Structures are given as C-alpha cells and as structure tokens.
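Before any comments, here is the structure.
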Amino acid sequence: MSEASVRVIPTDDLVINENSPRAPLWWGMVWLIIIEAMVFLGLIVSYFYLRYYAPTWPLGDIEPPELTLPTISALTLWISSAPMCRADSSIRKGDVKKLKIGLAISFALGLIFLILKYIEYSGLDYNWATNAYGSIVWAITGFHSAHVLAVLLETVVVFAAASRGYFSAHRNLGVRINGLYWHFVVAIWVPLYVTLYLSHLVLQPR
C-alpha cells in the first residue's frame, strides 16, 4: 500500500477512557434505564386508568393491601442504596475490601426484599387471573422483582470480579454501572410503592 493511499483518522473521539463519563457502556446503561422507566410509567398509568373506571377498588372481594410487611420490605430495599454508594466511593479510592463489603451488604438487603415480597404475595388470596386489579398488581410487582433479581445477579458478577482483583481506583466502570442500575431499581420502587399501597388511601374510584 502506498503512503499516498493511507488516510489519517483523528482518534480523539474514538479512544475513550473507560472511566470517562462518555464511556459507551455507561451511556448504554443510561438509555436502558430511560427505556425501562417508560415501561414502569406505562404500568403506573395503566393502574390508575383501571382504577378510575372501576366501580370499586380493589375489585370484587379483595381487601385493600396491608401495609406492615410491604413497608418493611420497601425500607429494606431503599436502605440498600447506602452501602452501594459506599462501595462506589471505596473503589474510587482503590479500597477493594470496602467495595466488597458494600456490595455484600446491598446484595443481602436486596435478597431480603425479594424474600419478603415472596412471603407477602404467597399469602394473598388473589392472583394475576382473578380480575383486572390482580393482573395489574401482580404485573407491577413481578416486573419490578425481575429487575431486583437481575441487579442481584449483576452484583454477584461484580463481586466475583472484585475478588479477582479486576477493579481499582483507575478501573471501576463496572462498579459504577452496577451502582447506577441498582439505584434505579431502588428509586423506582418509591412511585410503585405509593401506587400499590398508599394511593387507595387518598384517591377514590370514579
């Protein structure tokens, strides 16, 4: 190949440090969160649409949701963001030990949340096939629980990589992305919790 045929391409926009805010994986997670947030919004809108046109809410003989266990599980999930933040700040300082501790605590709290949701829903006298209320409640909780399970599995992978010495103060994009998704899964449960467990105390059907 002759020297004249070689084309020089600027590399400033091609080589991106993995810890840069412009890292493709980071932006990929941001867009995934935006898309999934729209799906959750659609579920919330569907819930209130069904409620608006229902003669009673909950439908049929279903009692309003009990608050004790759902509130305990919600607090457990919300608290889990704190150790995840600690894990992220620790690896930025190169502290792998505290990173692993933060990941482990968050994982345990997320797992407790799923166990409590299983206990809660296994005790219900209705399911997704009972009526429209049962369908939307199970759909919202099931979809969110699937996200919790997904981020738990992702956290296991991050923990395993940390145990093998993969992450450092200068290589921590995986931790940041995992933390970003974790905080989304935690934060989205706030409007979902209000919708499922508190909205009936304020709003009445049409």
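The values are calculated or read from the model by the stated rules, or taken from the named source; none is laboratory data. Source: prediction; values computed, not measured. No Cβ is skipped: glycine too gets one built from the backbone with ideal geometry, and neighbour counts run over all protein chains shown.
Data overview
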{"read-out": "Filtered residue count, region 118-129, keeping only those that are part of a loop (DSSP other than H, G, I, E, B) and either loosely packed, with under 14 Cβ neighbours inside 10 Å or free of Cβ contacts under 8 Å to residues at least 24 places away in the same chain (or both)", "value": "6"}
{"read-out": "Filtered residues of region 166-206 (kept if in contact with a Ser or Thr (Cβ under 6 Å, 6 or more places away or on another chain) and among the hydrophobic types (A, V, I, L, M, F, W, C))", "value": "Val186"}
{"read-out": "Given (1) assigned to a helix (DSSP H, G or I); (2) within 24 Å of Leu43 (Cβ to Cβ); (3) in contact with a Ser or Thr (Cβ under 6 Å, 6 or more places away or on another chain); (4) not hydroxyl-bearing (Ser, Thr, Tyr), number of the condition Ala150 does not satisfy", "value": "(3)"}
{"read-out": "Count of residues meeting criterion [over 15 Å from Glu66 (Cβ atoms) and either β-branched (Val, Ile, Thr) or over 22 Å from the mean Cα position of the chain (by Cα) (or both)] in region 115-127", "value": "2"}
{"read-out": "Flag for Ala187 being within 18 Å of Ile105 (Cα to Cα) and either in contact with an Asp or Glu (Cβ under 8 Å, 6 or more places away or on another chain) or small (Gly, Ala, Ser) (or both)", "value": "yes"}
{"read-out": "Single condition Ala132 does not satisfy, out of (1) surrounded by 17 or more Cβ atoms within 10 Å (Cβ to Cβ); (2) within 20 Å of Trp78 (Cα to Cα)", "value": "(2)"}
{"read-out": "Among (1) over 25 Å from Pro24 (Cα atoms); (2) out of contact with any helix residue (DSSP H, G or I) (no Cβ under 6 Å at 6 or more places or on another chain); (3) surrounded by fewer than 18 Cβ atoms within 10 Å (Cβ to Cβ) - the single one Arg92 does not satisfy", "value": "(1)"}
{"read-out": "Yes/no for Arg86 being of a type outside the set (Ser, Thr, Tyr), out of contact with any helix residue (DSSP H, G or I) (no Cβ under 7 Å at 6 or more places or on another chain) and buried (at least 16 other Cβ atoms within 10 Å of the Cβ)", "value": "no"}
{"read-out": "Subset tally (residues that are over 13 Å from Thr155 (Cα atoms) and either of a type in the set (Phe, Trp, Tyr) or at pLDDT 95 or above (or both)) for region 169-184", "value": "1"}
{"read-out": "Residue that is among the β-branched types (Val, Ile, Thr) and touching a residue at least 12 places away in the same chain (Cβ under 8 Å), where the choices are Ile115, Ile101", "value": "Ile101"}
